[in-house]
Amino acid sequence: MTERDDHGVCAIVVTYRPDAEVLRTLLDAVTGQVGAVVVVDNTGADEPGRCSDAMPGVAAVLRQGGNAGLAAAQNQGIDWARRRGHRYVLLLDQDSTPGEDMVATLLAALLRLGGVQPVAAVGPRFHDLREDRDAPFVRVGFPLNRKLWCEHEGQALACDFLISSGTLIPLEVLDRVGAMDAGLFIDNVDLEWSFRVRAHGYALYGVCAAAMHHRLGDARRSLPFGLGKVVVHGPVRLYYMMRNRVRLYRMPHTPRIWVAQDLPRVLVKLFLFAVLIGPRARNLRFMLRGMLDGVRGRVGPCPLQAKA
């Protein structure tokens, strides 16, 4: 295991039963770009895909003793980086691959933009390998969000949220506004943190010159009547989607305009996964339980997971 002092950036890679080849590609791409790489493994001791304790280029493998959730794993990695004096953390999930010089490009943009205004984080241009297209950055609006597309590499686009994977964050920002909300477990963790830092007066930027490739693991299914394709989620993931968006509705730092334009999406998801996409009855039960638990303020893992 190795740790270098040539950069102030620590990459935090969260894994759960990862594909070994995809993870190796990620590690090969990032180890030369940062001062240290720490892997936080949510895979239980008796589950397949558990990471080795010794991986080339990795400074440490931190065990969660089972799936403690994305946010808790990120926080564990952040604490590890803080104790070792790193000034920045780069959050990565196991299906992402940083582009060449992505970290240096992000860091240069962060330092440049931070000299003008308080900046909480910067993120790369996200390229979906499955659909072979870039994703836009987003400003929250009503009735629809405004999509911001990269037109040239010189752009840095102010946005209202960044997906967690590929995000470069100064530790001093995390010290001021707090780390990730571990109670959310998974889903909307990055959205909640983005809303929180924006409420504290920080800016977020998408950096078009920095690229990250991502492999979305969820399947897609064609909808009837030529309505296109939809990403299919299992009942447990639907539970978290519904519970956590209800929790976000109730948080004071969540923009009310986002709540207003997100409510129709809840109805659409209920229709899609309870009427068009099976297992319909189970999907509906998990989604309704998620919404109820959101109202109740429940946090942590899904209580119905063993029945999924």
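The values are calculated or read from the model by the stated rules, or taken from the named source; none is laboratory data. Being a predicted model, the structure only gives us computed values, none of them experimental. For neighbour counting, all protein chains shown are included, and Cβ atoms are generated from backbone atoms with ideal geometry for every residue, glycine included.
Do any residues in segment 174-191 that are more than 14 Å from ARG243 (Cα to Cα) have Cβ atoms under 6 Å from those of residues that are surrounded by fewer than 18 Cβ atoms within 10 Å (Cβ to Cβ) and of a type outside the set (Val, Ile, Thr), where the two are at least six apart or on different chains, and which pairs are they?
Going by the 6 Å Cβ cut-off, the qualifying pairs are VAL177/HIS200.
For residues that are outside any loop (DSSP other than H, G, I, E, B), among the acidic types (Asp, Glu) and crowded, with 17+ Cβ neighbours inside 10 Å, tally how many sit in segment 142-190.
The number of residues fulfilling the criteria is 1.
So ALA71 passes all but one of these: (1) small (Gly, Ala, Ser); (2) modelled with pLDDT of 95 or more; (3) over 24 Å from TYR239 (Cα atoms). Which condition number does it fail?
Condition not satisfied by ALA71: (3).
Which residues, taken from segment 98-140, are at pLDDT 95 or above and among the β-branched types (Val, Ile, Thr)?
Within segment 98-140, VAL103, THR105, VAL119, VAL122, VAL138, VAL140 qualify.
Does ALA81 meet the test of being closer than 19 Å to SER164 by Cα, surrounded by 17 or more Cβ atoms within 10 Å (Cβ to Cβ) and touching a Cys at 6+ places or on another chain (Cβ under 9 Å)?
So ALA81 passes the test.
Out of the residues in segment 56-71 that are of a type in the set (Gly, Ala, Ser) and touching a Leu at 6+ places or on another chain (Cβ under 8 Å), state the one that is surrounded by the fewest Cβ atoms within 10 Å (Cβ to Cβ).
This residue is GLY57.
Residue-by-condition table, conditions (1) within 20 Å of VAL189 (Cα to Cα); (2) under 20 Å from the mean Cα position of the chain (by Cα); (3) touching a residue at least 60 places away in the same chain (Cβ under 8 Å):
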residue	(1), (2), (3)
THR15	yes, yes, yes
LEU23	no, yes, yes
ALA29	no, yes, yes
VAL39	yes, yes, no
THR43	yes, yes, no
PRO48	no, no, no
ALA54	no, no, no
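Of these, VAL58, VAL38, which one is part of a loop (DSSP other than H, G, I, E, B), at pLDDT 95 or above and in contact with a helix residue (DSSP H, G or I) (Cβ under 9 Å, 6 or more places away or on another chain)?
None of the others qualify; the one that does is VAL58.
Quick grid of which residues meet (1) surrounded by 18 or more Cβ atoms within 10 Å (Cβ to Cβ); (2) touching a residue at least 12 places away in the same chain (Cβ under 8 Å); (3) assigned to a helix (DSSP H, G or I):
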position	(1), (2), (3)
HIS233	yes, yes, no
LEU238	yes, yes, yes
LEU248	yes, yes, yes
VAL268	no, no, yes
ARG285	no, yes, yes
GLY294	yes, yes, yes
VAL299	no, yes, no
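Could you figure out which of (1) aliphatic (A, V, I, L, M); (2) closer than 23 Å to ARG84 by Cα; (3) part of a loop (DSSP other than H, G, I, E, B) isn't true of VAL116?
Just one mismatch for VAL116, condition (2).
Among the residues of segment 180-202, is any over 17 Å from the mean Cα position of the chain (by Cα), within 23 Å of VAL299 (Cβ to Cβ), among the aliphatic types (A, V, I, L, M) and not assigned by TED's automatic domain parsing to the domain that holds LYS229?
Within segment 180-202, one or more residues are over 17 Å from the mean Cα position of the chain (by Cα), within 23 Å of VAL299 (Cβ to Cβ), among the aliphatic types (A, V, I, L, M) and not assigned by TED's automatic domain parsing to the domain that holds LYS229.
For residues in segment 56-68 being within 24 Å of ARG237 (Cα to Cα) and of a type outside the set (A, V, I, L, M), which is farthest from the chain's Cα centre (by Cα)?
Ranking the candidates gives GLY65 first.
Give just the number: which of (1) touching a helix residue (DSSP H, G or I) at 6+ places or on another chain (Cβ under 9 Å); (2) closer than 27 Å to GLY178 by Cα does GLY66 not satisfy?
(1) is the only condition that GLY66 fails.
Per-residue answers, yes or no, for (1) buried (at least 21 other Cβ atoms within 10 Å of the Cβ); (2) among the small types (Gly, Ala, Ser); (3) touching a strand residue (DSSP E or B) at 6+ places or on another chain (Cβ under 9 Å):
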residue	(1), (2), (3)
CYS10	yes, no, yes
THR15	yes, no, yes
LEU23	no, no, yes
ASN42	yes, no, yes
PRO48	no, no, no
ALA54	no, yes, yes
